[in-house]
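Trainee: Below are the structure tokens for one structure; questions will follow.
Read-outs: derived from the displayed coordinates by stated rules, not from any lab. Because the structure is predicted, anything quoted here is derived from the model rather than measured. Here the Cβ is made from the backbone with ideal geometry for all residues, glycine too, and neighbour counts use every protein chain on show.
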Amino acid sequence: MLYAIIALFALATVFGFIILKNWLTGGETSRGTAYAHGIFAAIGLVVLLVHYSQSGAKSLQTSIILFVVAASVGFYIFFRDIKGKVSPVWLDIVHGFVNTTVLLFFGIFAYRGWQTYPETNMPQMATLTTKAVLVVI
């Protein structure tokens, strides 16, 4: 199930990069691209929450918290865009950076078999992920 979650967030990231490319080049982003970005991210977050509720793996808590924060920022950006208002550039950058960073760490830990580590090592990995995101911000 972790690989399905990674695939969903990766698809959301691809659509996010398309939005970023259009934004940087002054191109127009279609609503379909924005909707696809949000839908894949939302489904990925729901599947992540379901997996967490079924497995109880405390190691997923940091990823969930950071994804929820980034999703909230994404909703804010989207609704401002619908109203015809431009969101602050720094907010767009933080949204994309946090999502991409958490996805990379999430993918690395899943690939390395992070659920096979004893539960005592997981807080250390979660702390590293949080510190990496916060240091750059």
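Trainee: In which sequence would 97, 109 go, from the one with the fewest C-beta neighbours within 10 Å to the one with the most?
Mentor: Exposure proxy ranking, most exposed first: 97, 109.
Trainee: What translational D, rounded to a whole number of µm²/s, comes out for region 1-101 from Stokes-Einstein when the hydrodynamic radius is the Kirkwood one over Cα pairs, at 10 °C and 1.306 mPa s?
Mentor: After rounding, the answer is 113 µm²/s.
Trainee: Could you work out the relative contact order of region 38-97? I mean the mean sequence separation of Cα pairs under 8 Å and 6+ apart, divided by the number of residues, in percent.
Mentor: 30 percent
Trainee: Also, I was wondering about something else. Output wanted: per-residue J couplings in Hz (rounded whole) for region 31-43, from phi through Karplus 6.51 cos²θ - 1.76 cosθ + 1.60, θ = phi - 60°, x for Gly and Pro.
Mentor: Couplings: 4, x, 5, 5, 5, 4, 4, x, 5, 5, 5, 5, 5 Hz.
Trainee: Another one. So, in nm, how far is label residue 93 from label residue 68 when the simple model puts each one 7 Å beyond its Cα toward the Cβ?
Mentor: Placing both labels 7 Å along Cα→Cβ, they lie 2.8 nm apart.
Trainee: Starting from 0.36 nm per residue, how many nanometres of slack lie between residue 1 and residue 39 once their C-alpha separation is accounted for?
Mentor: Values: separation 38, 0.36 × 38 = 13.68 nm, distance 1.80 nm.
11.9 nm is the gain from fully extending residue 1 to residue 39.
Trainee: I need the Debye-formula profile for region 9-60: one equal scatterer per C-alpha, no solvent, reported as log10 I(q)/I(0) at q = 0.12 1/Å, two decimals.
Mentor: -0.36
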